[in-house]
1. Rounded to the nearest 500, what is the chain's calculated 222 nm mean residue ellipticity when only DSSP H runs of at least 4 contribute -39500 (n - 2.57) each, over all residues?
2. How would you classify the range 40-148 from its alpha-carbon gyration tensor, with a ≥ b ≥ c the square roots of the eigenvalues: rounded for a/c under 1.5, else prolate if a/b is greater than b/c, otherwise oblate?
3. What residues from the range 45-68 fall in the zone where the backbone N is under 12 Å from a label point 7 Å along the Cα-to-C-beta line of residue 39?
4. Given the options 134, 104, 56, state which has the largest fluctuation in a GNM of the chain using a 10 Å cut-off (strictly under) for Cα springs.
5. What is the Å³ per residue value for the convex hull set by the Cα atoms of the chain?
6. Hey, rough spin-label estimate for residue 146 and residue 83, points 7 angstrom out along Cα→Cβ, what's it come to in nanometres?
7. Have a look at 26, 89, 156 and tell me which one the Gaussian network model of the chain (Cα, springs below 10 Å) gives the largest fluctuation.
8. Tell me, what is the FRET efficiency for residue 62 and residue 123 to the nearest 0.05, using R0 = 25 angstrom and their Cβ-Cβ distance as r?
Ligand code: GLU
């Protein structure tokens, strides 16, 4: 088990994401990361080990962005490492995904994607999702996530951001919980209610 959290609203997202991940620590993890979308660019920080390592690595004053996602990972495919920590990107670094769960048919999907020219930077099952969404994305992120998930077998809760859709986070789930939250100035998505 592990955790995902996403935020889009009016407040700086990085402190909210890290706080959310802390509230999901009870689920266990081996690494953690966040990404925020700031003026059309992703800024990502990932660390192996304790959330304190991630917290120390983040310069919160340099991350005013008001949307982003975060992840605590419990490795299922690919060992615990910074390269395998989420969020993961597509080839162009324009799609960012955090994922809980297992993609059962990822070997076959990954081989097909490599044949079509995609470059993988991690050993995770999750990274295939970023590349599948990259192939489907033509400006409608929700449609691209739907298309991608149509060829995937397994269990997942995920949150997807795209530099091309700067005020949108798409969540999806199958056999894993995903909670949506709303408050006066923001929207949340998370693996569990405490976050
Ligand atoms: N299967 C994914 C991985 O190994 C996600 C694991 C998790 O749920 O943390 O990166």
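1. -6500 deg cm²/dmol, from helical runs alone.
2. Since a/c reaches 1.5 but b/c is at least a/b, the shape of the range 40-148 is classed as oblate.
3. Once the point is set 7 Å along Cα→Cβ of residue 39, 63-65 turn out to lie under 12 Å by backbone N, inside the range 45-68.
4. 56
5. 100 Å³
6. 3.7 nm
7. Judging by the Gaussian network model, the answer is 26.
8. 0.25
Quick note: the coordinates plus some simple rules give every number you see, no bench work behind them. Please read all numbers here as calculations on a predicted model, not as lab measurements. Heads up, the Cβs are rebuilt from the backbone with ideal geometry, glycines too, and the neighbour counts pull from every protein chain shown.
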